[in-house]
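Heads up, the thing below is written out as structure tokens.
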Amino acid sequence: MADLFTPFIQNDRQQRLYHIAEQVAGRMKARVKEADEQALFLEENLHDMKELGYVTMTLPKEFGGEGISLYELVLLQEKVATGDGAAALSIGWHLGVVKELGEERPWDATTFDAFAKDLGENKKVVNRLATEPATGSPTRGGIPQTKAIREGSYYILNGRKSFATMASVLDYYLVTAYVEEKDAVGSFLMEKGETGITIEHTWDTLGMRGTGSDDVIFQNVKVPVDALVELKLKGNKPKGWLLHIPACYLGIAIAARNDVLEFAKNYQPNSLDKPIAYVPHVQNKLGEIELELLQARTFMYSIAEKWDKHPNLRDGMGAELAAVKVIATNAASKVVDLAMRIVGGRGLSKHFPFEKYYRDVRAGLHNPPMEDAVISMLANKAIEE
């Protein structure tokens with residue numbers, strides 16, 4: 001079977017990095033069922049990602065990472081998702097956060113250097129905890145109910161965060177909170193194990209169960225003043241690293257494509273004299289799958305390459321980045337749906353991977369940015385131009 005990744009690998013470095021992602025995908029695939037049933041991000045998966053050096057891919061080279069480009073991030077994440085979409089999406093948040101921090105350096109230099117050194121030497125992982133039950137996605141602009149109150153040289157935090165991906169295995173949390181004394185939203189850097197932090201296993205969803213996106217509760221958590229590493233500034237710059245989301249869902253679609261091709265080439269009911277891959281209506285669906293993937297992936301990689309090669313254009317790329325997400329997640333959903341139609345009733349069976357692909361790609365429709373916001377953004381951009 002033709003490897004859909006070969007055309008997008010541009011040089012020896014990317015081939016080396018791709019081989020690491022390939023190993024990660026293979027190890028994750030062996031545990032997909034376990035992670036899905038337990039609705040947890042498995043510690044074994046994280047162990048393998050650390051062992052293979054995957055968790056430091058976006059860390060700057062000066063701290064022991066690979067300092068990969070956005071194009072490379074998309075390439076690797078798409079491949080890992082062919083093994084386990086939930087594991088890929090999970091580690092994608094860590095990789096993206098580290099990439100953004102490493103490139104923009106918004107923190108005090110001493111704080112960031114110590115943090116990055118720890119990540120490089122000890123292969124630690126971090127994620128932003130921003131979503132809350134009352135406010136929904138932070139992309140909608142809600143003020144967090146989690147509050148930080150200044151008491152001398154400390155802040156006291158109280159609140160609850162939902163959709164905290166990899167909650168049980170994170171080493172660091174970047175927690176958004178309303179900082180009363182500054183009348184602003186800020187982010188606090190905390191290490192796992194701080195007194196007053198508890199994890200409640202609330203994650204019980206239809207798809208992407210293996211992300212282990214549980215609730216994290218903060219009850220009178222006392223942190224030093226310098227734990228406040230960021231204050232939210234007006235205006236949001238485009239975030240290229242969020243392409244890890246469409247890359248993940250296209251990876252799931254590629255896995256479905258590969259499996260349905262194998263099925264179609266090998267399944268021959270006794271009513272036919274050849275496998276169903278040669279039946280016209282099945283070939284039509286297989287062709288549609290190839291077309292959807294070709295369009296979405298070419299667009300995604302071209303935008304990632306544009307981001308890397310033209311830093312001066314990044315501030316105006318918000319609409320293009322958002323469009324990639326919408327096109328990719330819609331394409332992934334269509335691909336998996338077509339695969340299910342080819343397989344038929346077997347696709348609903350737990351003995352086949354298709355029902356999980358179907359459940360997982362649905363989650364992409366609910367990852368930011370949301371489709372309605374993207375369509376509005378594109379309309380306004382067209383009107384203004």
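What follows draws every value from the coordinates through simple rules; no lab data is involved. Note that the structure is a prediction, hence the values are computed from the model and not measured. So basically every Cβ, Gly included, is an ideal-geometry build from the backbone, and we count neighbours across all protein chains shown.
Just how large is the dipole of the chain about the Cα centre, in debye to the nearest 20, putting +1 at every Lys and Arg Cβ and -1 at every Asp and Glu Cβ?
Dipole about the Cα centre, nearest 20: 620 debye.
Between the stretch 235-261 and the stretch 181-227, how many Å separate their Cα centres?
26 Å
Can you sort D215, D113 by how many other beta carbons sit within 10 Å, fewest first?
D113, D215
Taking H placed 1.01 Å from N in the peptide plane, check which residues at least 5 places from K192 or on another chain put their amide H under 5 Å from its amide H.
Under 5 Å from the amide H of K192 lie the amide H atoms of Y172, Y173, each far enough along the sequence or on another chain.
Translational diffusion coefficient of the stretch 1-75 at 4 °C, 1.567 mPa s, Stokes-Einstein with Kirkwood Rh over Cα pairs, in µm²/s as a whole number.
The Stokes-Einstein estimate is 95 µm²/s.
Suppose the Debye formula is applied to equal point scatterers at every Cα of the stretch 92-139; what is log10 I(q)/I(0) at q = 0.15, 0.20, 0.23, 0.31 Å⁻¹?
Those come out to -0.48, -0.74, -0.88, -1.20, one per q.
With the chain treated as a Gaussian network of Cα nodes joined by springs under 10 Å, which of E200, E151, E355 yields the largest mean-square fluctuation?
Of the options given, E151 has the highest mean-square fluctuation.
With 10 Å bins from zero, work out the P(r) of the chain over every alpha carbon pair and list the percent per bin.
Histogramming the chain at 10 Å steps yields 5, 23, 32, 25, 11, 3, 1, 0, 0 percent.
In whole angstrom, how long is each semi-axis of the equivalent ellipsoid of the stretch 6-124, when you take the square root of 5 times every eigenvalue of its Cα gyration tensor and sort them from largest down?
They are 24, 18, 11 Å, listed from largest to smallest.
Taking the Cα atoms only, what angle lies between the long axis of helix 12-29 and the longest principal axis of the chain, rounded to 10 degrees?
That helix lies at roughly 80 degrees to the long axis.
Would you mind ranking H47, H281, H244 so that the residue whose beta carbon has the fewest other beta carbons within 10 Å leads the list?
Ascending Cβ contact count within 10 Å gives the list H281, H47, H244.
Can you classify the stretch 240-384 as rounded, prolate or oblate using the Cα gyration tensor, where a ≥ b ≥ c are the square roots of its eigenvalues, rounded means a/c under 1.5, and otherwise it's prolate if a/b beats b/c and oblate if not?
Since a/c reaches 1.5 and a/b is larger than b/c, the shape of the stretch 240-384 is classed as prolate.
Need one number: nm distance between label points at K50 and S349, each 7 Å from Cα along Cα→Cβ, rounded to one decimal.
3.9 nm
Among G345, L119, L70, which residue has its Cα furthest toward the positive end of the charge dipole of the chain, with +1 on Lys/Arg Cβ and -1 on Asp/Glu Cβ?
G345
Before anything else, pin down the relative contact order of the stretch 161-288: Cα pairs under 8 Å, at least 6 apart, normalised by residue count, whole percent.
For the stretch 161-288, the relative contact order is 21 percent.
If I fit a long axis through the Cα atoms of helix 244-266 and take the longest principal axis of the Cα atoms of the chain, what angle between them do I get, 0 to 90°, rounded to 10?
Once rounded, one gets 20 degrees.
Distance between Cα centroids, the stretch 100-137 to the stretch 19-84: provide it in whole Å.
Taking the Cα centre of each part, the stretch 100-137 and the stretch 19-84 sit 18 Å apart.
Give, as a single signed number, the net charge of other residues whose beta carbon lies under 15 Å from the beta carbon of D3, with Lys and Arg counted +1 and Asp and Glu -1.
Every neighbour counted, the sum reads -2.
Which angle from 0 to 90°, rounded to the nearest 10, does the C-alpha axis of helix 85-104 make with the longest principal axis of the chain?
40 degrees
Once phi is turned into θ = phi - 60°, what whole-Hz ³J(HN,Hα) does the Karplus curve with 6.51, -1.76 and 1.60 give for every residue of the stretch 40-51, x standing for Gly and Pro?
Values, residue by residue: 9, 7, 6, 4, 5, 5, 5, 4, 5, 5, 6, 4 Hz.
Might you report the magnitude of the Cβ-based charge dipole of the stretch 6-124 about its Cα centre, with Lys and Arg at +1 and Asp and Glu at -1, to the nearest 20 debye?
That gives a dipole near 240 debye.
So what's the net charge close to K325: Lys and Arg +1, Asp and Glu -1, counting the other residues with Cβ under 14 Å from its Cβ?
-2
Please report, in Å, the Rg and the Dmax of the stretch 99-229, where both are computed over Cα atoms only.
For the stretch 99-229, the Cα-based Rg and Dmax read 14.6, 45 Å.
R128's amide H: which non-local residues (gap 5+, or another chain) put their own amide H closer than 5 Å, with H modeled 1.01 Å from N in plane and none for Pro or chain starts?
Sorted by chain and number, the residues that satisfy this are L174.
Using a Förster distance of 56 angstrom, determine the FRET efficiency expected from the C-beta separation of Y278 and D308, and round it to 0.05.
0.85
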